[in-house]
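What follows is calculated from the coordinates using simple rules that are stated; it is not laboratory data. Source: prediction; values computed, not measured. Note that we place each Cβ from the backbone using ideal geometry, even for glycine, and neighbour counts take in every protein chain shown.
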Amino acid sequence: MILVNAMGDACPIPVVKTLNAIRSIKGGDVVETLVDNDIAVQNLTKMANNDGYAVTSEQLGEKQYKVTITVGEGHALPPEDEEPVCSLTPNKRKNVVVAVSSDKMGDGSPELGTSLMKAFLYALGQQETLPETILFYNGGAALTCEGSPALEDLKEMQARGVKIFTCGTCLNFYGLTDQLRVGEVTNMYSIVELLTGADLVVKP
């Protein structure tokens, strides 16, 4: 039995931790994941059902849940395209550019928006197929600078071959020019070239 402690972890970290535990299984085994919210229970249950695993859940106490996933002997494990999730060799299939214009994701609560953007960039780095390029401009420029909550995730993606560019005019406007900690400085002409030459542009 493998125990995964995802208490206090925001989406999608509980699912990622559980998938990694399942991938480590040699033969049949059981993975128990502890989480602190019902949404995480639903996400884990959906993931298990999609992959054909037996799954049960129970509430252990206030804000404490246990999700039990049983992987049968000989059952297929989650696909990895012959590469582990954190491989240093990206599996790229087309020119995908992610354009980040804010340090928050969506409208509404600034606090929630900040958490969602952090979760988005973390989840992006866990994908088997990485984007070719990530562009940061306007308020998004802060995410590549000192103090950014996403800095380590971005550094890991850069190490795996993702190109990271931040608008130089934006860094200058916000007084962040000397605080850039990952990627390179770019300009609007290059940003336009990258966006218009992309097969797919993703804007969180």
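Each residue, Arg181 and Asn95, gets one label point 7 Å from its Cα in the Cβ direction; the gap between the two is 3.2 nm. Note that the chain, at 25 °C in a medium of 0.890 mPa s, gets a Stokes-Einstein diffusion coefficient of 132 µm²/s from its Kirkwood radius over C-alpha pairs.
Backbone phi angles across region 17-25, fed through the Karplus curve with coefficients 6.51, -1.76 and 1.60 (θ = phi - 60°), yield HN-Hα couplings of 4, 5, 4, 5, 5, 4, 5, 7, 6 Hz in residue order; Gly and Pro are listed as x. Using the Karplus relation 6.51 cos²θ - 1.76 cosθ + 1.60 with θ = phi - 60°, the per-residue 3J(HN,Hα) values for region 44-55 come to 5, 5, 4, 4, 5, 4, 4, 8, x, 9, 6, 9 Hz, with x marking Gly and Pro.
Excluding same-chain neighbours fewer than eight residues apart, the aspartates and glutamates reachable from Lys118 by a Cα-Cα span under 17 Å are Asp9, Asp103, Asp107, Glu146, Glu152, Asp153, Glu156. Here's how it looks for Phe136: its modeled amide H is under 5 Å from those of Val100, Phe165, Thr166, Cys167, which are all 5 or more places away or on a different chain. Need the C-alpha centroid separation for region 105-178 versus region 1-77, integer Å. Each part reduced to its Cα centre gives a spacing of 28 Å.
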